[in-house]
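Here's the structure we're looking at; comments come further down.
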Amino acid sequence: MFDLLRKTREERKLSLEDVADALKIRCCYLKAIERGDYKNLPESVYAIGFIRSYAKFLGIEGDDMANELRRVLMQQSISENNYDEEVDEPSRSLSTDCSALFSRWQGCSSPRIAGVLLVIAVLAVLADLICGCFG
């Protein structure tokens, strides 16, 4: 599908440098788009914008091409990542950690120690949330 950009560019006797200068897009990205070399494109949001601008510059409907690139990049991302792996469960639960910290906090006579324990409890909750989502 993206070879249509190359064919149209060549029919209009435009070089990649002409298009790059007009659109302020690096030649290497335009070449990658024409070849379907998605690994050499920048982040998907930029690549989609580039292909939409390139198509519009050549007088081609860019939304269809942008949607096709989005679909291809999504499939590529899914195939590169193995989402079937099982995630290890944390050995201790968040409620166990927090209840132990709060029971210590309630028995403290010093406000400074209580504040430190509260900060530790908040950090434990954040750590558990981060590890639960990304670990």
Worksheet item: Restricting attention to region 1-13, which residues are in contact (Cβ under 8 Å) with a residue 24 or more places away in the chain and part of a loop (DSSP other than H, G, I, E, B)?
Response: M1, F2, R12
Worksheet item: For region 20-62, how many residues meet the condition of being assigned to a helix (DSSP H, G or I) and out of contact with any helix residue (DSSP H, G or I) (no Cβ under 7 Å at 6 or more places or on another chain)?
Response: 6
Discussion item. Looking at region 35-54, can you tell me whether even one residue there is touching a Phe, Trp or Tyr at 6+ places or on another chain (Cβ under 6 Å), farther than 14 Å from I25 by Cα, exposed (fewer than 14 other Cβ atoms within 10 Å of the Cβ) and modelled with pLDDT under 90?
Written reply: yes
Practice prompt. Among residues belonging to region 19-29 that are surrounded by fewer than 13 Cβ atoms within 10 Å (Cβ to Cβ) and not hydrophobic (A, V, I, L, M, F, W, C), point out the one that is nearest to the chain's Cα centre (by Cα).
Written response: K24
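The values are calculated or read from the model by the stated rules, or taken from the named source; none is laboratory data. Note that the structure is a prediction, hence the values are computed from the model and not measured. Every residue, glycine among them, receives a Cβ derived from its backbone with ideal geometry; neighbour counts consider all protein chains shown.
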